[in-house]
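Working notes, beginning with the structure itself.
Please treat every number below as a calculation from the coordinates, not as lab data. Note that the coordinates shown come from a computational prediction; the quantities given were computed from them, not determined experimentally. Neighbour counts run over all protein chains shown; Cβ positions are idealised from the backbone, glycine included.
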Amino acid sequence: MTSKEAEALGKTTRPRTGSRHPLQRIGLPLVGVVLLIATWEVTVWLNDLDSIVMPRPMEVLRALGDLVVSGEFWDDVVVSLTEFGSGYVIGVFAGVVVGVLMAEFSVFRATVHPVVEALRFIVPFAWIPLVILWFGTSLLGKTLLVAYATFFVMVVSAAKAMQQVDPTLTKVGRMLGMSRWRLAFAVQLRAAAPTIASSARAAAAIAWIAVVAAEYVGASAGLGVLIINASTSLQTDVVIAGMVVIGLVGAGVSAVIGWLSRSYLSYV
Amino acid sequence: MNAVSDPAPATRRGGELIVDNVSHHFASGPRRVDVLQDVSFTIPPGAVACVVGPSGCGKSTLLNLSAGLAGPAAGELRWDGDPVRLGQNRDVGMAFQQPGLFPWMTVERNVAVGLRTRGHDKRDAARITAEFLETVGLTEFKDAYPTQLSGGMAQRVGIARALALQPRLLLLDEPFAAVDAFTRLKLQQEFKSLLKLSAPTVMFVTHDVPEAISLGDFIVVMSHRPASVVRIIEINREDRDRSSAAYAHKLSETLECLGVTSDMDAATDD
């Protein structure tokens, strides 16, 4: 074995997440969170802020605890996640299909491209008044809004990912005698999949933001509603607790998508 | 299924490839870039043609046309008497300039996928794959992924994939360029003994004139773009001995056709 080959073999056993000590892996993020909370605590204390303006971390934690044990809170989480989940799945699926078709067929691309370019800069929030006008505060309206937000991120990135597939891979597939469809799905789409998956993860953040924003403006349940209701009754601790939940749920969703793409699409 | 899964006879002999007055061009924006101009030569069945020429002169294009991956703008290529058609050609095995391995497949599956696509059953494909991974010395890497390989090793997998198809027409685009000098010599020897086992018709594009002399039955020297054939140089057995005068003669003849002199001092003497 040459030294290069030995080195390459060595690479196969390299752990994926760096070589940091487990204590550091858990400890360092913890330090970040503690610093954030400490800054918050000190700010409240130094400025002697009223808890209506800015409650202390402990008060928010207590509000969070009250929320968690109340049944209504979980209903709100489920409503928001349902709006997110349904819209997100539709948006990702439709976006990838249209993006792949744009990459594969130049006539389709030429037709659809200007429409995509025009619509993708109309941010989801601009649609909220119309969505409420057309669909009221229903699940359907939120679902469509989230699908819309997700769709345009995915169309553009899927088309780009497909076009950036190493042309040699396509040539190899053709040389081996693969059919056009096998080439498109088993080679090009497969090669583009990791890039598409990382865009899907970014799209999840946008979709989640769209859900909450839509709930702020018009909804009967959901985390956005929870926050708006709390703020009208000056329960600032509940407002912040709701914000914390939005952040945590979003991060959780993003982590799940990241885990899925690593498990099923990653090469090593 | 049985008919195709029978082990391909080791003596699948090559056919005749005729390149007849082929010209080709690409569109580069509004401009037309001519790459090949009236290229003609014939590779007899089982012969090895080494194509040498300046970088970017259209050698790779010539391979793509021969494989049926693209159609020529003018002229014709004929394989076994029939015009080369666009699309699938079950006789062709090709190794590209970049290894072009599917990054989501292990080394083993990368080689086997071609055999499976061409109709070999699973067991058959596994057996042939093992055989050719052995040939390129990568048996112990069969479960590795392409990202875990060095450039040279990936290139060898690409070569194994092409060879495993046991093609009647083998097209190689600078297959040993990314391989270190020692491995390259080893692969060249392996390659020669493989050619003795089955005798495919080979078009071998290379930058390396000594390699062309040691592997080719003849050398096709191409000009700058748009490339045409400058000269076809026959290589005989005695020309391959690197210490012989015959070798030195072929080397300088080829380099001269390429517009380089083999006498490095000549340029600085005057």
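Mind checking which lysines have their Cα closer than 18 Å to the Cα of B:Lys250? Skip sequence neighbours fewer than 8 apart in that chain.
none
State to the nearest 20 debye the size of the charge dipole of chain A about its Cα centre, where the only charges are +1 on K and R beta carbons and -1 on D and E beta carbons.
With Lys and Arg at +1 and Asp and Glu at -1, about 1740 debye.
If I model a spin label as a point 7 Å beyond the Cα along the Cα-Cβ vector, how far apart are those points for B:Lys196 and A:Leu49 in nm?
Distance between the two pseudo-spin positions: 8.4 nm.
Antiparallel versus total DSSP beta bridges in chain B: what percent is that, nearest 5?
55 percent
Once the piece of chain linking B:Asp143 and B:Asp217 is laid out straight, how much longer is it, given 0.36 nm per residue of separation minus the C-alpha distance between them?
The B:Asp143-B:Asp217 span can extend by a further 23.0 nm.
Order of A:25-34, A:73-82 by packing, highest average Cβ count within 10 Å first?
Ranking the peptides A:25-34, A:73-82 by packing returns A:73-82, A:25-34.
Expected output is a single nm value to one decimal: the length gained when fully extending between A:Ile122 and A:Leu35, i.e. 0.36 nm times separation in residues minus the C-alpha distance. What is it?
Net length gain for the segment: 27.6 nm.
For Cα pairs less than 8 Å apart in space and 6+ apart in sequence, what is the mean separation divided by the residue count of chain B, i.e. the relative contact order in percent?
Computed value for chain B: 26 percent relative contact order.
Give me a single rounded figure for B:100-108: the average over its residues of other chain Cβ atoms within 10 Å of their Cβ.
5
When 1/r is averaged over all different Cα pairs and the result inverted, which Kirkwood radius in Å belongs to the protein assembly as shown?
Result for the protein assembly as shown stands at 28.0 Å.
Near A:Lys142, which lysines are there with a Cα under 29 Å away, not counting those fewer than 8 places off in the same chain?
Hits, sequence-local ones excluded: A:Lys160.
Got a sec? Charge dipole of chain A, +1 on Cβ for Lys and Arg, -1 for Asp and Glu; which of A:Leu67, A:Val253, A:Phe93 is way out at the positive end?
Of the candidates, A:Phe93 comes out farthest on the positive side.
Taking Cα atoms, how many degrees apart are the long axis of helix A:57-69 and the longest axis of chain A, rounded to 10 and kept between 0 and 90?
For A:57-69 against chain A, the angle is about 80 degrees.
Between B:Asn236 and B:Arg31, take the C-beta separation as r, use R0 = 35 Å, and let me know the FRET efficiency to the nearest 0.05.
About 0.20, to the nearest 0.05.
Using only atoms on other chains, find how many Cβ atoms lie within 10 Å of each Cβ of peptide B:161-173 and report the average.
Mean partner shielding for this stretch: 1.
Taking Cα centroids, how far is the range B:152-184 from the range B:47-77 in Å?
Each part's Cα centre sits 18 Å from the other's.
Would you mind pulling out the separation of the Cα centroids of the range A:215-257 and the range A:76-142, in Å?
Cα centroid of the range A:215-257 versus Cα centroid of the range A:76-142: 23 Å apart.
With all pairs of different alpha carbon atoms counted, what Kirkwood hydrodynamic radius in Å does chain B show?
19.4 Å
Run the reach check for B:Lys122 against lysines, Cα to Cα strictly under 17 Å, same-chain hits fewer than 8 apart removed. What comes back?
Within the straight-line limit of under 17 Å, B:Lys122 reaches these lysines: B:Lys142.
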